Amino acid sequence: MSFTTFGEIMLRLTPSDHGSKIITAQNFGVHFAGSESNVASSLAQLGNNTQFITKLPNNSLGDAAINSLASYGINTNNILRGGDRIGTYFIEIGSSIRPSSVIYDRKDSAISRINHKEFDWENILKDQKWLFISGITPAISEKCAEEVIFLAEKAKKMNVNVSFDMNYRRTLWSDVSKARKIFDRILEHTDLLFGNNGVLKDVYDIDVQGNNLIDKTINTTKKAKEVFGINQLAFTVRNHHSASENELSGVYLDKDTPTVSNSYKVNILDRFGTGDAFAAAFLHGLNKGWSQEKTIGFATAAFALKHTIKGDQHTSNEKEISSIYQGNITGHVLR
């Protein structure tokens, strides 16, 4: 195997009438998703050997979540069963001047009550090349935070590269200082950092200047490299015109050399899981040994393309993403 991701997969409920409000919805679409599982599904769809690690209740909902993961080609053999419930979140898709919103219902989920040494990390990480973790799972519970920190440290000891997406969800943290303390310990073992200007400002009050969003992001990655001592940083850039239209780019800093992707203006169908699509595509490019330019270009194309797909999962293959990267963005029918 090449990739391991660890985190919570949840039940995603979205009003069946796309774009309608939760308060008036009578029917909901049912899916399974979560940042780390989204990255796993995208990596698997791109042809990589990928396993996802979590804990799920031993009931039909847990079975359904595992079936969903397996349908994308993810190895689920090391998922633990137990606990009482699966985490749930409700998504309301925004439009124009009305923002999208999320309601979480994940208290006391199966993974939130994990015990240390419940996972056999020595066996799970054996022969792995990359570990992907995010800043969301540590917010679920103190036990989850301890396990993610331990896992990052364990991976480094076993010469597994650690990639960390500093996802910061305000509603999951009681205080930003708690997130900062936990992130500090994860960053000690991080080889590749995913993020954006906003999360660095929110968590670390890093707010650099720049002539435009690209320049600002380049300066932010350089500052983050200096503060955290990480040589590889891949950041998304989002110019947020409205809930329906964004302009997207990507910046990759490798040591002292920044590389900027093309920019894409997209009409948004569903923006959830887009950062996960970016991270997965970027890891795919690194695993392929592509150049800096191709890696960040491919990742940003995946980032943009995911905005046009309903649900959290990015089901585009390498050929489809590469076509966007190569400039085929007119949307002409393929016959």
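The values are calculated or read from the model by the stated rules, or taken from the named source; none is laboratory data. The structure displayed is predicted, hence computed values, not measured ones. Cβ atoms come from the backbone with ideal geometry, glycine included; neighbour counts cover every protein chain shown.
For segment 8-68, which strands (runs of 3 or more DSSP E) that fit wholly inside it have 3 or more residues that are crowded, with 22+ Cβ neighbours inside 10 Å?
Numbers: elements: 10-15, 28-33, 50-53.
Output list reads 10-15, 50-53.
Answer with yes or no whether LEU200 is within 25 Å of GLN292 (Cβ to Cβ), surrounded by 18 or more Cβ atoms within 10 Å (Cβ to Cβ) and touching a residue at least 40 places away in the same chain (Cβ under 8 Å). For LEU200, the condition - within 25 Å of GLN292 (Cβ to Cβ), surrounded by 18 or more Cβ atoms within 10 Å (Cβ to Cβ) and touching a residue at least 40 places away in the same chain (Cβ under 8 Å) - is not met.
Annotation: of all residues in segment 87-121 being among the hydroxyl-bearing types (Ser, Thr, Tyr) and closer than 29 Å to ASN267 by Cα, the one that is surrounded by the most Cβ atoms within 10 Å (Cβ to Cβ) is TYR89. Taking segment 238-273 as the range and being under 23 Å from SER101 (Cβ atoms), in a strand (DSSP E or B) and touching an Asp or Glu at 6+ places or on another chain (Cβ under 9 Å) as the test, the residues that pass are ARG238, ASN239, HIS240, VAL266, ASN267.
Output the number of residues of segment 298-326 satisfying the condition of being assigned to a loop (DSSP other than H, G, I, E, B) and without any contact (Cβ under 8 Å) to a residue 12 or more places away in the chain.
Just the residues of segment 298-326 that are assigned to a loop (DSSP other than H, G, I, E, B), to begin with: 307-317, 326.
When the remaining residues are screened for being without any contact (Cβ under 8 Å) to a residue 12 or more places away in the chain, the result is 326.
Summing the residues that are assigned to a loop (DSSP other than H, G, I, E, B) and without any contact (Cβ under 8 Å) to a residue 12 or more places away in the chain in segment 298-326 gives 1.
How about segment 140-155: which of its residues are in contact with a Lys or Arg (Cβ under 7 Å, 6 or more places away or on another chain) and either of a type in the set (Asp, Glu) or touching a residue at least 60 places away in the same chain (Cβ under 8 Å) (or both)? Result: ILE140, single match.
Note down all Cβ pairs under 7 Å where the first residue falls in segment 270-284 and is of a type in the set (Val, Ile, Thr), the second is modelled with pLDDT of 95 or more, and they're at least six residues apart or on different chains. Pairs found: THR274/PHE303; THR274/LYS306; THR274/HIS307.
Looking only at residues of segment 177-187 that are exposed (fewer than 15 other Cβ atoms within 10 Å of the Cβ) and either of a type outside the set (S, T, N, Q) or within 19 Å of LYS154 (Cα to Cα) (or both), we find that the one that is nearest to the chain's Cα centre (by Cα) is ASP184.
The residues of segment 177-187 that are out of contact with any helix residue (DSSP H, G or I) (no Cβ under 6 Å at 6 or more places or on another chain) and touching a residue at least 12 places away in the same chain (Cβ under 8 Å) amount to a single one, PHE183.
If you check THR24, THR54, which single one turns out to be polar (S, T, N, Q), without any contact (Cβ under 8 Å) to a residue 40 or more places away in the chain and out of contact with any strand residue (DSSP E or B) (no Cβ under 6 Å at 6 or more places or on another chain)?
Details: THR54 fails: without any contact (Cβ under 8 Å) to a residue 40 or more places away in the chain.
Unique residue meeting the criteria: THR24.
Of the candidates THR190, THR171, the single residue that is part of a helix (DSSP H, G or I) and either within 18 Å of the chain's Cα centre (by Cα) or without any contact (Cβ under 8 Å) to a residue 12 or more places away in the chain (or both) is THR171.
With respect to the conditions (1) over 17 Å from the mean Cα position of the chain (by Cα); (2) at pLDDT 95 or above; (3) polar (S, T, N, Q), THR236 falls short on a single one, namely (1).
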